[in-house]
Each structure stands twice: as structure tokens, then as C-alpha cells.
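To keep things clear, I will list the structure first and then write my remarks on it.
Rule-based calculations on the coordinates, nothing more; no lab input. Only a predicted model underlies this, so the values are computations on that prediction, with no experimental measurement involved. A quick note on method: Cβ atoms are made from the backbone with ideal geometry, for glycine too, and the neighbour counts reach across all protein chains shown.
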Amino acid sequence: MAVTVYTEDQLFDRAIGYFRVSFPTQDLGEDSFFGLLARAFARFFVLAQEEIYQADCDSLPAYQIDADGNPRSRCSTEALDAWAFVFGLPSGSPGIFGRRRATVSSGGLAIPGVSAAAVLLPANTQAADPTGQIIVKTVSATTLNGPPNLIPVQFVSVTTGVAANLPIGTVLSWQSPPAGLNATCTLTSALTGAKETETNAELVLRILQRIQTPPRGGTAADYRFWTETAVDSNGATLAVARAYVYPLRSGLGTVDVVPLYGGSGTGRIPPAAEITKLQTAVDLLRPVSVKLNMLAAATPKLIQIRVRATPSDAKNGTYGFDWDDGGTFVTITAHTANTLTVAAVPAALSAAFAAGAKPRLQIPLVGGGGSELPFVVTVSSIVGTVITLEQNFPATVFDGLTYFWAGGGVVLAVAQRILDYVNGLGPSRISGTADKGDAWEDQVLLERLVDIVMEAKDTDGTKMVSAMPGYGSTAAQIRIGGAAFAITAYRPLDTLVGAPELAVIRSGGIEVIR
Amino acid sequence: MALQLKDGLDVKLARNSATGKYDLSFSRTGPNKGNPELEVSRTHAVLTSLLRRKRGQRPGTGFAAGGYYFDQQNRRGSLLWTIAQDRLSTPSQMRAYAEDAMQQLVERNIIQSYEVTASRTAPGKLRADVGWRDLAGKQAVSV
């Protein structure tokens, strides 16, 4: 720290000490005139020191690592914005430097129902999601056919921020529908790509990267910067969260770049049309003698991760498993929307349910097309071999293949941390051509998984896991593609044919068991 | 001229008869000329204790206020500031609040004893008289 900061007690002691020397015979208690004066001076210097300290913090765009391991900006929000402007960091809006603002989502499609022929749906016609909070609008004027209409309509959001990312199936209500248009329509293609306003932690890291790797005439860092700040022909940001650069990967005079979005799994990989836009954008900036290859990361093998955890007994067992599955999963033999049938209901599950404990199941809907996280759901009834759930299955269940473990408070918390870890990995570096000055992680390591599980903490800092049974053997296992779970790390490959591979977890691919 | 410290423990306060308010009393002659006068009566401490806002709640506001920054345990000052309504019991309440403030000074060995009376002089007008003896047992001026 550049300036010495005194504690409030230290300043108070010094102020009182000064008055004691200056007025040795006077009362310096808290009811006396001089005592009150000394305290007022102490308080004044505390406040003045606060300002000096903040000025020191704002004097450099620096960060500190907090106890939870996350970087925090030492600068104030206002100072960071000023630094971003001074160094000319693109905000994502053409011609504006500074913090990245919250963005809209795009790519939404729906086929609106009509009750009349040739209904003209003007551009910018607005609709709201079921909450009424998220507003979307049509991109262009479309004349619908039918009825029934078969022409899709494209949507972008008016609302900014991640809440504007609406999934397939979202029902939109038109706000001022033209005559002949049904009141609602349903998204057949999700609205994606919306982001929140850049946080201070994200911005300070972007500023530091800009300062430490200033623009030159085409270094690897330049390609990363150009790709992450690329805009399309309309000036709209292409929203690349992270670009990975491989100089000379495809031979002399080449630079390969693998851009990734934020988000999760294969959703991090830009589609082909966006890759083309990125190629076009960076082609305008690169040295003319370079051949740029903008590549979409390959994902030939999806992985599954299984970890064992003994939840801590803090907070009255909040994090514990609701019942003891004995380390054995139970296979689902048949199902409906919210029931599942098994050959035999585990006795421990029946006992927990009979005791009124509302036991939860953890169902990894592997390959079901849903989230990578396990489906954790409460049992609402058990009749014979049929278990009824409080919620419907959110993804496909495969009878005879899908199974469940015991659920509990620790499951989703740990699973989310594992997912965040894998979603933070970059594409394979195994070719040896990855930028040496940009050391990203590319492998799913068992030691990292163990660390993540053991360090899982609640928002108040409470540790959620006390041990990992089978440490050194089955505590953390990875299943690669169709192979069995094994005690090996996963290293994505790069054969130099096509794009480098990226580690991606299969839907329902995380299990947190006892 | 430098402040003459040997004359007392604390500053002397003088009451402005026109406004009823107390202010520092400054020497106009002698070696202490231009400086605050000092004395041992502890009037400053008494007034500070009575007028400092102990953390409390004024009727009808629904939230607590007051409190002195350096008094983290909320033991200093009086609740006289919370009196906003004139009821039958208000004079006795006023007296209790003033006694609480004076008792703090006794417990901290600033005064020896005190006497508080409170009365209603007219509807909505209350008066409290506070007298005390310093540690030497000398009767100090009432406020």
C-alpha cells in the first residue's frame, strides 16, 4: 500500500496524546470542552484519511484478491470508468470508450398464430414475457401467411441484461397486436447473448490487460483484443467473452484464433455465422501478410464428472444428504412427466419419506438436453414402486439408463462450482502453439476438482464439505465420451486438423454423491 | 497571549440572558486576554451531558436517532431531546431523563451530587432546574 492508513483508535490516541501534552492540567474526558475537541479532531482526521486512502486506491487500476479468492477492484467505480476511457477500452457501443453496458439478447424466433390472411407485423412490434418484465420486439416488418401462419418472426430484446435471455418455449404476449394476430406466440428459438453491465472486477482486469499488453502491430495479444472487441458491419458487438490465440498453428504466416462466449457448455462456442462475422471483423485489423483462421472450438467428446463429498454438519445439517443411498444409484425403469418407476424403492428413501423429511433425489439427466447440473427434486409421494416428484422433469429421461442418487443441500452448490470451473477453461494447448504469454487452463484436473469441492463455501463463508470419501481413488472421477468413469484427468486434444478441442460437460453430466 | 491553563479544568460558559443560550466566556484583560476563560465548576460537562442526544426514539417517528459517535455502548447523554409532547407525566419524565444524565457524571467522578426539579410553567412549556456540587463539595451554579 502506498499510503499508511492509521486505525481510528490510533488516530484517537494520537489526538488525545497531543491535547494531553498541550493542555496538561485540563480535563480531557468526553464531557469536557478539550476532550470533545480532541475527539472531533480524531474524527476529522479519520474522514480525511478515508479520502486520502480512496485517492490512493484510485491512483492505479489495481485489484486485490479477497478471502474468497475473487479479484476485487481497489478503484472506485467512477475511477475505473475514467481509467477505461483514458486507455480507450471499447464499451461495445461504437465510438464510446468505457465500461461494457448491459446488452440485449437476439436470435429469438417464433411463428405467431393468426386468424386472418396477410397480417402485416411491423418492425419493432413489442411483446412481453410471462412476467411482463422482459420486453422484446420484432426485428423487421413481416407479412404473415395463413391461417395457419408458417412464417417465422425474428425477435431481439428491448430489455437488457441476462434476464433478457429467454429459453425456447417462452410465451410472449403482444402489447399492441395488429388485427388478425393471436394474443400470444411461443419462442421456437431462444433469445440469447444478453449480458449484464461489466462489473468492476471484470473491468479492472480488462484495463490491466490493456496496459500490460499494449496494442502493437499484430502480436498475439492484439489478436485477442481485436477479437474480444470485434463488432459486426452494423457496429454491434459480437460479444466474444474470451479469445484464445495460436500463433503459427497452421503454418508460417498464420494466426489461429478460437473465440468463446460466456455462458455454459457448447453455448460458449459461437455458431458458424458468428465465426464468419468475427473473421471479417478481425481481417480488417490484422497485418495484410497474415492469414487469420477464426475457428470454432471442437467438442468431439463430452465429459461427465462425479465427485464424492461428505457434507459438513454446519447449520443443522443444511448441506447434508436427505437420505442414505448407500453409494448405489437407482435406475429409472419408466416415467411420466413427474413420476418415475423403479424396480424397488430404496428402504432409506422410503423411511425418510415416511418420517416426513421431504427427501430429495439427485437425477443426472445425462444427455437429456437440459442443464449440466443434476436435477434435484423433492419426492412428494411414494406408492409401491412409483415415486412422484414435486416438479416435472426438465429434460429427457431415458428409461433403463437414467438413474438417481440421494439429493441434498450440498449437491447443486458443489455442482455449480464444478460447472463454473469447466466453463472457465480454454481450448486445448496440447499442440504447443498456444500463445505463451497468455497462460490459460485447458484441462479438467482431478486435483482442481478436489480443491473446488473442499473449498465450497456458502455465501456467508460456511464450509459446505468436510471430507471427500475415497480421496486418491474414487473421490473425483471423469467419464470421457462413452468410456467408463475413471480416475484420470481430461485433456482436450488438438491434432492441428480442424480446431482445438474444448472441455465441455454433457447435459446432466455432474454428480455429487456421498 | 497563550491560554492560561492553571485557572481551571474546563472552559467557562456564560449564559446570554437575552437568548438563554450558553457560550464560551473569553478573557478581556490580563495574560489570558483573548482566550477562553477556564474554571472548575464543571458547567460544560453538565450541559454536555444534558444536551448530548442519547440514542432513543422520539414518539411517533418509528425509528431510533441520536447517539454520540464515540459512545458505542450508548451510555452517555440524555433523552431530553425525545420530549415532544406535553402530557401529565412529562415533567416527571423530564426529571428522570435529567437525573439519568447527571448520574452519569456522578459515576464518572465529575460531580459529587445533584438535584433536579422539573415543572410545567404553562401548557406546552416545561422547565428543568439542575443543581450540583463539584467534587470538593462546593455548590455550583444551577442551570
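Which helices count as membrane-span-like in chain A under these terms: full DSSP H, at least 15 Å along the axis by C-alpha, Kyte-Doolittle mean of 0.5 or more? Walk me through the numbers on the way to the answer.
Numbers: long enough: A:8-22 (21 Å, -0.37); A:33-58 (38 Å, 0.53); A:200-212 (18 Å, 0.26); A:272-283 (16 Å, 0.17); A:409-423 (22 Å, 1.05).
TM-like helix candidates: A:33-58, A:409-423.
Step by step: find N for segment A:262-415, compute 2.2 N^0.38 Å, then divide the Cα radius of gyration by it. What's the final number?
Values: Rg = 21.6 Å, N = 154, 2.2 N^0.38 = 14.9 Å.
So segment A:262-415 has a normalised radius of gyration of 1.45.
Enumerate the calculated ³J(HN,Hα) couplings along segment B:111-120 in order (Karplus 6.51 cos²θ - 1.76 cosθ + 1.60, θ = phi - 60°), each rounded to whole Hz, writing x wherever the residue is Gly or Pro.
Going residue by residue, I get 10, 8, 8, 8, 8, 10, 10, 9, 8, 9 Hz, with x marking Gly and Pro.
Are any of the pairs A:LYS195/A:LYS291; A:LYS301/A:LYS457; A:LYS195/A:LYS436; A:LYS315/A:LYS463 more than 21 Å apart by Cα-Cα distance, and if so, which?
Details: A:LYS195/A:LYS291 31 Å; A:LYS301/A:LYS457 31 Å; A:LYS195/A:LYS436 30 Å; A:LYS315/A:LYS463 10 Å.
Cα-Cα > 21 Å for A:LYS195/A:LYS291; A:LYS301/A:LYS457; A:LYS195/A:LYS436; rest within.
Roughly how many whole Å is it from the C-alpha centroid of segment A:299-357 to that of segment B:17-91?
So the two Cα centres are separated by 66 Å.
5 Å is the cut-off here: which amide hydrogens, built 1.01 Å from N in the peptide plane, fall below it relative to B:PHE26, excluding neighbours closer than 5 in sequence?
Answer set, sorted by chain and number: B:GLU37.
With a 10 Å Cβ neighbour count serving as the proxy for reagent exposure, in which order, fewest first, do B:MET94, A:MET294, A:MET454 appear?
A:MET454, B:MET94, A:MET294
Can you give the angle from 0 to 90° between the axis of helix B:90-107 and the longest principal axis of chain B, with both taken from C-alpha atoms, to the nearest 10?
Orientation of helix B:90-107: about 40 degrees from the principal axis.
Mean residue ellipticity at 222 nm from the helices of chain A, using -39,500 (n - 2.57) per DSSP H segment of n ≥ 4 over the full residue count, to the nearest 500 deg cm²/dmol? Please list the in-between numbers first.
On the way: 10 runs with 121 residues, N = 514.
So the calculated ellipticity at 222 nm is -7500 deg cm²/dmol.
Sort A:VAL86, A:VAL119, A:VAL512, A:VAL258 by Cβ crowding within 10 Å, fewest neighbours at the top.
On the way: A:VAL86 12, A:VAL119 23, A:VAL512 32, A:VAL258 29.
Exposure proxy ranking, most exposed first: A:VAL86, A:VAL119, A:VAL258, A:VAL512.
With a Förster radius of 51 Å, plug the Cβ-Cβ distance of A:ALA344 and A:THR199 into 1/(1 + (r/R0)^6) and report the FRET value to the nearest 0.05.
0.55
On alpha-carbon atoms, Rg over Rh for segment A:8-59 using Kirkwood Rh?
On the way: Rg = 13.1 Å, Rh = 11.7 Å.
Taking Rh as the inverse mean 1/r over Cα pairs, Rg/Rh reads 1.12.
Which value in deg cm²/dmol, rounded to the nearest 500, describes the helix-derived mean residue ellipticity at 222 nm for chain B, given -39,500 (n - 2.57) per DSSP H run of n ≥ 4 and division by the residue count? Walk me through the numbers before you get to the answer.
Working: 2 runs with 27 residues, N = 143.
Result for chain B, helices only: -6000 deg cm²/dmol.
Starting from the Kirkwood Rh over alpha-carbon pairs, what translational D in µm² s⁻¹ does segment A:213-294 have by Stokes-Einstein at 25 °C and 0.890 mPa s?
Values: Rh = 12.7 Å.
Diffusion coefficient, whole number: 192 µm²/s.
What is the sum of charges around A:ARG43, taking Lys and Arg as +1, Asp and Glu as -1, for the other residues whose C-beta is under 13 Å from the C-beta of A:ARG43? Numbers along the way, then the final one.
On the way: positive: A:ARG14, A:ARG39; negative: A:GLU8, A:ASP9, A:GLU30, A:GLU50, B:ASP71.
Around A:ARG43, the charge tally is -3.
Residue by residue, what Karplus-based ³J(HN,Hα) values in Hz, rounded to whole numbers, does segment A:299-313 have, using 6.51, -1.76 and 1.60 with θ = phi - 60° and x for Gly and Pro?
9, x, 10, 8, 10, 10, 10, 10, 10, 10, 9, 9, x, 6, 9
Can you give the charge dipole size of the protein assembly as shown about its Cα centre, rounded to the nearest 20 debye, using +1 on the beta carbon of Lys and Arg and -1 on the beta carbon of Asp and Glu?
Values: 59 positive and 57 negative charges, 254 e Å.
In total the dipole reaches around 1220 debye.
Rounded to whole Å, give me the distance from the Cα center of segment A:17-73 to that of segment A:385-441.
Each part's Cα centre sits 49 Å from the other's.
How big is the dipole moment of segment A:8-59 about its Cα centre under a simple scheme where the beta carbon of each Lys and Arg is +1, that of each Asp and Glu is -1, and everything else is neutral? Debye, nearest 20, please. It would help to have the intermediate numbers written out before the result.
On the way: 4 positive and 10 negative charges, 59 e Å.
About 280 debye.
Pull up all non-local amide H partners of A:VAL465: gap of 5 or more, or a different chain, and H-to-H distance under 5 Å with H placed in the peptide plane.
A:SER312, A:ALA456
If you wrap a convex hull around the C-alpha atoms of segment A:34-157 and split its volume per residue, what is the figure in Å³?
On the way: hull volume 27.2 nm³, N = 124.
Expressed per residue, the convex hull around the Cα atoms of segment A:34-157 is 219 Å³.
Tell me, what is the Rg over Rh of the protein assembly as shown, with Rh the Kirkwood radius over Cα pairs? Don't skip to the answer; put the middle values down first.
Values: Rg = 36.3 Å, Rh = 32.0 Å.
For the protein assembly as shown, the value is 1.14.
From the phi of every residue in segment A:486-491, what ³J(HN,Hα) in whole Hz does the Karplus formula 6.51 cos²θ - 1.76 cosθ + 1.60 yield, where θ is phi - 60° and glycine or proline is x?
Per residue, the Karplus-derived 3J(HN,Hα) values read 9, 8, 9, 6, 10, 10 Hz.
Would you please name the trypsin sites (Lys or Arg not before Pro) within segment A:399-488 that are DSSP coil residues with at most 15 other C-beta atoms within 10 Å of their C-beta? Numbers along the way, then the final one.
Values: sites: A:ARG417, A:ARG429, A:LYS436, A:ARG448, A:LYS457, A:LYS463, A:ARG479; in loops: A:ARG429, A:LYS436.
Those that pass, being in a loop and sparsely packed, are A:LYS436.
Could you line up A:GLU30, A:GLU51, A:GLU196 from fewest to most neighbouring Cβ atoms inside 10 Å? Mind showing how you got there, number by number?
Working: A:GLU30 19, A:GLU51 9, A:GLU196 15.
Sorted ascending by nearby Cβ count, the order is A:GLU51, A:GLU196, A:GLU30.
Skipping prolines and chain starts, which residues have an amide H placed within reach, meaning under 5 Å, of the one on A:ARG100, given they are 5 or more residues away or on another chain?
A:GLU198
Which value in Å does the Kirkwood hydrodynamic radius of segment A:415-513 take, with 1/r averaged over all unlike C-alpha pairs and then inverted? Spell out each step's value before the answer.
Working: mean 1/r = 0.0671 Å⁻¹.
For segment A:415-513, the Kirkwood estimate is 14.9 Å.
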